[in-house]
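Data first, discussion second: the structure below is written as structure tokens.
The values are calculated or read from the model by the stated rules, or taken from the named source; none is laboratory data. As the structure is a prediction and not an experimental result, all values here were calculated from the model. Methodologically, a virtual Cβ is constructed for each residue, glycine included, from the backbone with ideal geometry; neighbour enumeration extends over all protein chains shown.
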Amino acid sequence: MRAFHRKLGCMLTLLLAMATALRPFAALAEAEPAAPEASILVYHRFADEATDSMTVRVATFEAHLAWLRAHGYRIVPLRDIVAWIDDPSATLPPKAIAITVDDGHRSVYEVMRPIVLRERFPVTLFIYPSAISNASYAMTWPELRELRDTGLFDIQSHTWWHPNFNTERRRLSGPAFEQFALTQFTHSRDLLEHQLGGRVDMLAWPFGIYDDELVALARHAGYRAAFTIEPHNVARSTQPLAIPRFLMVDACTPARLGQLLGQHPAARQPQP
Ligand SMILES: [Zn+2]
């Protein structure tokens, strides 16, 4: 049943993200020259063929990387973008973009890892540790350690077992929900730090679900940054516990990626 809800949640999230992605971009053309912005992409699974809604084909991923390179984007560690939000003296290169991958699917190790090692760019993984070395679709702890040891992968928290907080809030009383959420945040961090070492202080909201109460609880649990799937660029004034990311699906062509990142020709070259 939980798997069904998770699938349903994923589908709703995907439809929402796709509806937003397909919205006309006329507004961008009229926008004032924007304040500096950074961008964050979130992927889930990789394969030669897209067999489900969250799988991005290798060819699509390679095309994204090529487009970013051709258009002067610099892939930076996600932490650099968080520091840029937190610290007025921190700087980012122009067109800074971070790459994140949620859920810890084994295709991250099997399919994405060779590409990352070839191209040498930083990646942040958001993991829910209940699945690791447990679910057949997930990576193992030794695989995560191997990724960590490359120096290119930062491994952070996606809660303990990826609950749907909307469902849990309906199921649990106020104090019980609060305790449930805190356990999801702290147990995930403790497991990741115990298994992998390093500091875990960044969180990806499962299904992108968050609200003021969850933000306060995540902050209380020691997280300094948390990430949504709202499809916007990141401004320096972004609330650090609700930092937006663009959800990448296989239908996102390089042209669509360009539109998402604000590089639509109409935006770059407004008509006189
Ligand atoms: Zn997820």
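In segment 80-118, what count of residues is obtained for those that are among the hydroxyl-bearing types (Ser, Thr, Tyr) and within 16 Å of the ligand (Cβ to nearest atom)?
Total meeting the criteria: 2.
Of all residues in segment 122-148, count the ones that are β-branched (Val, Ile, Thr) and within 12 Å of the ligand (Cβ to nearest atom). Don't jump to the end; show me each part of the working.
As a first pass, look at segment 122-148 and keep what is β-branched (Val, Ile, Thr): 123-124, 127, 132, 140.
Now drop any that are not within 12 Å of the ligand (Cβ to nearest atom), which leaves 127.
Within segment 122-148, residues that are β-branched (Val, Ile, Thr) and within 12 Å of the ligand (Cβ to nearest atom) number 1.
For (1) within 24 Å of Ile85 (Cβ to Cβ); (2) touching a His at 6+ places or on another chain (Cβ under 9 Å); (3) outside any helix (DSSP H, G or I), each residue gets a yes or a no:
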{"position": "Phe121", "(1), (2), (3)": "yes, no, yes"}
{"position": "Thr124", "(1), (2), (3)": "yes, no, yes"}
{"position": "Leu147", "(1), (2), (3)": "no, no, no"}
{"position": "Phe185", "(1), (2), (3)": "yes, yes, no"}
{"position": "Glu193", "(1), (2), (3)": "yes, no, no"}
{"position": "Tyr210", "(1), (2), (3)": "yes, no, yes"}
{"position": "Ala226", "(1), (2), (3)": "yes, no, yes"}
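Annotation note: of Arg219, Arg245, Arg256, the sole residue that is within 15 Å of the ligand (Cβ to nearest atom) and basic (Lys, Arg) is Arg245.
Is at least one residue of segment 52-68 within 16 Å of the ligand (Cβ to nearest atom), under 26 Å from Pro240 (Cα atoms) and touching a strand residue (DSSP E or B) at 6+ places or on another chain (Cβ under 8 Å)? Spell out the reasoning first.
Initial filter on segment 52-68 (within 16 Å of the ligand (Cβ to nearest atom)): 52-56.
Narrowing the set further to residues that are under 26 Å from Pro240 (Cα atoms) leaves 54.
With the extra rule that they be touching a strand residue (DSSP E or B) at 6+ places or on another chain (Cβ under 8 Å), the set shrinks to 54.
The answer is yes, given that some residue of segment 52-68 is within 16 Å of the ligand (Cβ to nearest atom), under 26 Å from Pro240 (Cα atoms) and touching a strand residue (DSSP E or B) at 6+ places or on another chain (Cβ under 8 Å).
Taking the condition without any contact (Cβ under 8 Å) to a residue 12 or more places away in the chain and either within 15 Å of the ligand (Cβ to nearest atom) or out of contact with any Asp or Glu (no Cβ under 7 Å at 6 or more places or on another chain) (or both), does Ala181 pass?
no
Would you mind finding the one in Ser136, Ser107 that is small (Gly, Ala, Ser) and surrounded by 18 or more Cβ atoms within 10 Å (Cβ to Cβ)? Exactly one of Ser136, Ser107 is small (Gly, Ala, Ser) and surrounded by 18 or more Cβ atoms within 10 Å (Cβ to Cβ), namely Ser107.
Residue-level check: of (1) part of a helix (DSSP H, G or I); (2) at pLDDT below 95, Arg23 misses just (1). For Gly151, the test of being away from the ligand (no atom under 16 Å from the Cβ), at pLDDT below 95, surrounded by fewer than 16 Cβ atoms within 10 Å (Cβ to Cβ) and of a type outside the set (S, T, N, Q) is failed. Restricting segment 88-120 to residues that are among the basic types (Lys, Arg) and at negative phi, the residue that is farthest from the chain's Cα centre (by Cα) is Arg118.
Screening Ala225 against (1) crowded, with 18+ Cβ neighbours inside 10 Å; (2) away from the ligand (no atom under 16 Å from the Cβ); (3) more than 21 Å from Pro129 (Cβ to Cβ) leaves a single unmet condition, (3).
Of all residues in segment 26-51, those satisfying the criterion of being more than 18 Å from the chain's Cα centre (by Cα), charged (D, E, K, R) and either in a strand (DSSP E or B) or at pLDDT 90 or above (or both) are Asp48, Glu49. When segment 240-260 is limited to residues that are out of contact with any Phe, Trp or Tyr (no Cβ under 8 Å at 6 or more places or on another chain) and in a helix (DSSP H, G or I), the one that is surrounded by the fewest Cβ atoms within 10 Å (Cβ to Cβ) turns out to be Ala255.
Within the option set Ile85, Ile75, Ile81, being more than 16 Å from the chain's Cα centre (by Cα), more than 21 Å from Arg106 (Cα to Cα) and modelled with pLDDT of 95 or more holds for one residue only, Ile85.
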